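The values are calculated or read from the model by the stated rules, or taken from the named source; none is laboratory data. Keep in mind it's a predicted model, so treat the numbers as computed, not measured. Cβ sites come from the backbone with ideal geometry, for glycine too, and all protein chains shown count toward neighbours.
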Ligand code: ATR
């Protein structure tokens, strides 16, 4: 049995890591649930990742989040990685088990899906075809999680077709790859449009897409949360769709991690949302 601090410590390893909002979320919950502990930033350069990961159990930490550039590199340093994280090809959460071994998870895609269900309780991953735009790490998490939760048809469009094809190869035939130029036509009949490109982010050009073919019943989700309403979400709102930004992903991916580390499934309250928004 590994020794654990009674004072529960967790954190996020990244390089750089200063921009992370995770301390606000987890420290808010620690205080709210009266748990003695702290969530801290670990600025870990790539060449020190292995030593840092090895130190997790020795220091009695409960676990950590992992962010850029460590999400793939950490795989061989873990004792086990769950199936979904393996399919995504990235770990965002590490749990130090009671025996000191390390398990890797990826809650990003499921966090996004949960935020969509919170916004529209009638929507489910198998409600109808889905169009995902983008094929970076965020897209991969969303596509693999949608498939794992029963999506029947995932249309995937990306500027670089080959990257979309790689996701389709990893996730399976439920993913239909489309050229970037066909994104507007691919809106026909969808129950969800999800933007996983960086287009629309503060300082980046907007995502250009005609919403003429988008059903008004479709949910529109953007993984971006700065700005809180991207030009895509503003256009979709005007079009009559329910819209969801990336803040819900950030908050919902943190819930199962907090539960695994501290034994309480925490709630997302308006007060917590305000605390995060105050950091923008
Ligand atoms: P993340 O890890 O957050 O997913 P990323 O890996 O940098 O970020 O992915 C960014 C996504 O935005 C990619 O799908 C990228 O398209 P490419 O794969 O073709 O690079 C997409 N993207 C960025 N700028 C774009 C642009 N000007 N037009 C179209 N897509 C763009």
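Things worth noting here:
- Filter result for the condition that a residue is surrounded by fewer than 19 Cβ atoms within 10 Å (Cβ to Cβ), farther than 27 Å from residue 212 by Cβ and touching a helix residue (DSSP H, G or I) at 6+ places or on another chain (Cβ under 9 Å), over 148, 144, 90, 119: 148
- For the range 239-267, a tally of residues being without any contact (Cβ under 8 Å) to a residue 60 or more places away in the chain, assigned to a loop (DSSP other than H, G, I, E, B) and surrounded by 15 or more Cβ atoms within 10 Å (Cβ to Cβ) returns 2.
- Residue 42, sole failed condition from (1) free of Cβ contacts under 8 Å to residues at least 12 places away in the same chain; (2) not in a helix (DSSP H, G or I): (1)
- Complete set of residues in the range 178-202 that are assigned to a strand (DSSP E or B) and within 16 Å of the ligand (Cβ to nearest atom): 178, 179, 193, 194, 195
- Comparison of 200, 181, 189 shows that the only residue that is surrounded by fewer than 17 Cβ atoms within 10 Å (Cβ to Cβ) and at positive phi is 189.
- The residues of the range 122-141 that are outside any helix (DSSP H, G or I) and surrounded by fewer than 23 Cβ atoms within 10 Å (Cβ to Cβ), listed by number, are 122, 123, 124, 125, 126, 127, 128, 129, 136.
- Applying the set (1) in contact (Cβ under 8 Å) with a residue 12 or more places away in the chain; (2) within 12 Å of the ligand (Cβ to nearest atom) to residue 162 leaves exactly one unmet item: (1).
- If you filter the range 219-238 down to residues that are crowded, with 24+ Cβ neighbours inside 10 Å and without any contact (Cβ under 8 Å) to a residue 60 or more places away in the chain, you find that the one that is nearest to residue 209 (Cα to Cα) is 232.
- Tallying residues that are in contact with a strand residue (DSSP E or B) (Cβ under 7 Å, 6 or more places away or on another chain) and within 16 Å of the ligand (Cβ to nearest atom) within the range 203-218 yields 1.
- Just one of the numbered conditions (1) more than 17 Å from residue 232 (Cα to Cα); (2) within 13 Å of the ligand (Cβ to nearest atom) is not true of residue 155: (2).
- Any hit, the range 67-80, residues being modelled with pLDDT of 95 or more, touching a strand residue (DSSP E or B) at 6+ places or on another chain (Cβ under 6 Å), assigned to a strand (DSSP E or B) and surrounded by fewer than 18 Cβ atoms within 10 Å (Cβ to Cβ): yes
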